Amino acid sequence: MAHTYSISDLAKEFDLTTRAMRFYEDMGLLRPERTGQGGRSRVYSSRDRTRLKLTLRAKRLGLSLAEAKDIIEMYDSPRDTAAQLEKFLQVLAVHQQQLEAQMTDLQANMDELKVHQREARALLAKTQTTKVKA
């Protein structure tokens, strides 16, 4: 018998709220089986657990949930693996360019911050020297 998980099992394992789990379900990233009265209970399969793990990995990489879903669904389909990998590499390349641009912007901000710090320290030193002379 295949291993199954409750919403609280997976939420605890991946340090998520059950609300986040339901959101991922609403986004189509997870597809638990519904059981119990009126289908109120969710039963997650090992496949759902893997999809959740991949979703969280994609988020850590900075991909959107839509991008994560596209990539995860590529692996679910029986299509050509080469095409799937090419698409994945394209998504990663675009994301890499975005991160590199952000790093360039951050470095420019850090450089500017350091200039302002030096100027402020010089002014502070000047005012303290003036106070001592007065």
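Is one or more of the residues making up the range 97-112 surrounded by fewer than 14 Cβ atoms within 10 Å (Cβ to Cβ) and touching an Asp or Glu at 6+ places or on another chain (Cβ under 9 Å)? No, the range 97-112 contains no residue that is surrounded by fewer than 14 Cβ atoms within 10 Å (Cβ to Cβ) and touching an Asp or Glu at 6+ places or on another chain (Cβ under 9 Å).
Right, residue 120: modelled with pLDDT of 85 or more, of a type in the set (A, V, I, L, M, F, W, C) and not assigned by TED's automatic domain parsing to the domain that holds residue 12 or not? In short, yes.
Does any residue of the range 58-68 turn out to be surrounded by 11 or more Cβ atoms within 10 Å (Cβ to Cβ) and either in contact with a Phe, Trp or Tyr (Cβ under 9 Å, 6 or more places away or on another chain) or over 30 Å from residue 9 (Cβ atoms) (or both)? Within the range 58-68, one or more residues are surrounded by 11 or more Cβ atoms within 10 Å (Cβ to Cβ) and either in contact with a Phe, Trp or Tyr (Cβ under 9 Å, 6 or more places away or on another chain) or over 30 Å from residue 9 (Cβ atoms) (or both).
Taken as a whole, the structure leaves residue 33 outside the set of residues that are within 26 Å of the chain's Cα centre (by Cα), within 18 Å of residue 21 (Cα to Cα), surrounded by 11 or more Cβ atoms within 10 Å (Cβ to Cβ) and outside the structural domain of residue 5 (by TED's automatic domain parsing).
The values are calculated or read from the model by the stated rules, or taken from the named source; none is laboratory data. Predicted, not measured: the structure shown is a model, and the values here were computed from it. Cβ: placed from backbone, ideal geometry, glycine included. Neighbour counts: every protein chain shown.
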